[in-house]
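> Take a look at the following structure, please.
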Amino acid sequence: MTSARLTNPDAIRDFRSHMVGFKEVCESALSGSAAELSRVRDWLRVDQQSFWKKQLVKREEVYQTARRMWLEAEGDTVGAMNKRGPAKPSSMEERILMDRARRHRDEAEEKLTLVRRWMLKIEQDGEPLVNQCQSHDFALREECGKAITQLDRLLDQVYAYLAVPTADLRIDAMPATEALPPATSAVETSAVASSPAAPSLTAASPEAEAEAPAPAPEPATRPVAAPEAHRA
Amino acid sequence: MPNVSGDDALLEKALKDLSAAWSRSSDGWQDAARTTFAELHLQPIEIRARHGAKAIKQLEALLAEAMRQCS
């Protein structure tokens, strides 16, 4: 049997609480990916596509009006030249307005095309990434759960040896320093570290336990005065 | 316009914190069970979480670019 070098059971308990916190962050970060994709997709479809569709209609009307005005101005200019009467010197101003309106219309058309292209790209490239996130999410839930269970086994073994009620010592939301009375920790730590019959943590695996179920020796001291104080 | 969450950074930070907590735990816990735990549980979790953070980062880059170009 390998000798345990556990000088402080709080080390496992503290790490367990970090593992629980880590699992929660993973779940929150990875499970939010689908919602994030949906938000952007809806923004593109509902907000941007609708906006640029309306803009395109509006800007097309403005362009057509400007074009009519330019054609009229062109007619006036040519007619004036033929009659040799009071002439409209040029249709340049109308031409400039028409060109500007056409650029605005083209811009709306390009934006609409761009929005549609991104809607497609998000489906094609975004969905597989969301699937990856979900796959990692499920796997991490399982792997973190197994890790926490293993830490619980180790803690159970340590505290069984020390005969401390683990239910009072494994409180996820409670900081380690509050959950375990300092005096208790000190006594038990020395008991684990100094006892020649200290249990091996490696024996925590089911196979090892089946092979050699080590009877828990009577603890030298009995700690933990009031468990209720640590359950809240 | 929706915001990009920055979840990849959160996950990276959580991973860094977990790694630091693991290192700290070596002060009071050093035995074969620790090594076994690292090999069987911690390392696969770390690899998986890094892949997860990478996937989130790629997704967020894609969405941010869509918002930048289409706004």
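> Could you please let me know if B:LYS57 is more than 8 Å from chain A (Cβ to nearest Cβ) and in contact (Cβ under 8 Å) with a residue 24 or more places away in the chain? Please lay out each step first, then the result.
On the way: more than 8 Å from chain A (Cβ to nearest Cβ): yes; in contact (Cβ under 8 Å) with a residue 24 or more places away in the chain: yes.
Taking the combined requirement at face value, the residue satisfies it.
> Yes or no: the range B:17-38 includes at least one residue that is touching a Pro at 6+ places or on another chain (Cβ under 9 Å) and either at pLDDT 95 or above or crowded, with 17+ Cβ neighbours inside 10 Å (or both).
yes
> Within the range B:1-12, which residues are at the interface with chain A (Cβ under 8 Å from one of its Cβ atoms) and either at pLDDT 95 or above or more than 17 Å from A:VAL20 (Cα to Cα) (or both)? So that I can check it myself, show each step before the final result.
Taking the range B:1-12 and keeping what is at the interface with chain A (Cβ under 8 Å from one of its Cβ atoms), we get B:1-2, B:4-5, B:7-8, B:10-11.
Of everything in the range B:1-12, those that are at the interface with chain A (Cβ under 8 Å from one of its Cβ atoms) and either at pLDDT 95 or above or more than 17 Å from A:VAL20 (Cα to Cα) (or both) turn out to be B:MET1, B:PRO2, B:VAL4, B:SER5, B:ASP7, B:ASP8.
> Across the range A:38-62, which residue is nearest to A:GLU94 (Cα to Cα) among those that are among the β-branched types (Val, Ile, Thr) and within 27 Å of the chain's Cα centre (by Cα)?
That would be A:VAL46.
> While we're here: For the range A:168-185, check the following and say yes or no: at least one residue is within 30 Å of B:LYS57 (Cβ to Cβ), modelled with pLDDT of 50 or more and among the acidic types (Asp, Glu).
Among the residues of the range A:168-185, not one is within 30 Å of B:LYS57 (Cβ to Cβ), modelled with pLDDT of 50 or more and among the acidic types (Asp, Glu), which makes the answer no.
> Taking only the range A:38-52 into account, find how many residues are of a type in the set (Phe, Trp, Tyr) and either without any contact (Cβ under 8 Å) to a residue 60 or more places away in the chain or under 12 Å from A:ILE122 (Cβ atoms) (or both).
Matching residues across the range A:38-52 total 2.
> Right, next: Could you go through the range A:114-121 and let me know if any residue there is buried (at least 19 other Cβ atoms within 10 Å of the Cβ), of a type in the set (Val, Ile, Thr) and part of a helix (DSSP H, G or I).
yes
> Return the residues of the range B:18-41 that are within 7 Å of chain A (Cβ to nearest Cβ) and either small (Gly, Ala, Ser) or out of contact with any Lys or Arg (no Cβ under 8 Å at 6 or more places or on another chain) (or both); say none if nothing qualifies.
Of the range B:18-41, the ones within 7 Å of chain A (Cβ to nearest Cβ) are B:18, B:21-22, B:25, B:27-33, B:36-37, B:41.
Scanning the range B:18-41 gives B:LEU18, B:ALA21, B:TRP22, B:SER25, B:ASP27, B:GLY28, B:ALA32, B:ALA33, B:THR36, B:PHE37.
Conditions tested, residue by residue: (1) facing chain B (nearest Cβ under 9 Å); (2) in a helix (DSSP H, G or I).
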residue	(1), (2)
A:PRO89	no, no
A:GLU94	no, yes
A:CYS133	yes, yes
A:GLN150	yes, yes
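> Restricted to the range A:40-54, and to residues that are over 14 Å from B:ALA66 (Cβ atoms) and basic (Lys, Arg), which residue is farthest from the other protein chains (Cβ to nearest Cβ)?
A:LYS54
The values are calculated or read from the model by the stated rules, or taken from the named source; none is laboratory data. Fair warning: this is a prediction, and the values are worked out from it, not measured in the lab. Because the Cβ atoms are built from the backbone with ideal geometry, glycine has one as well, and the counts that use them run over all protein chains shown.
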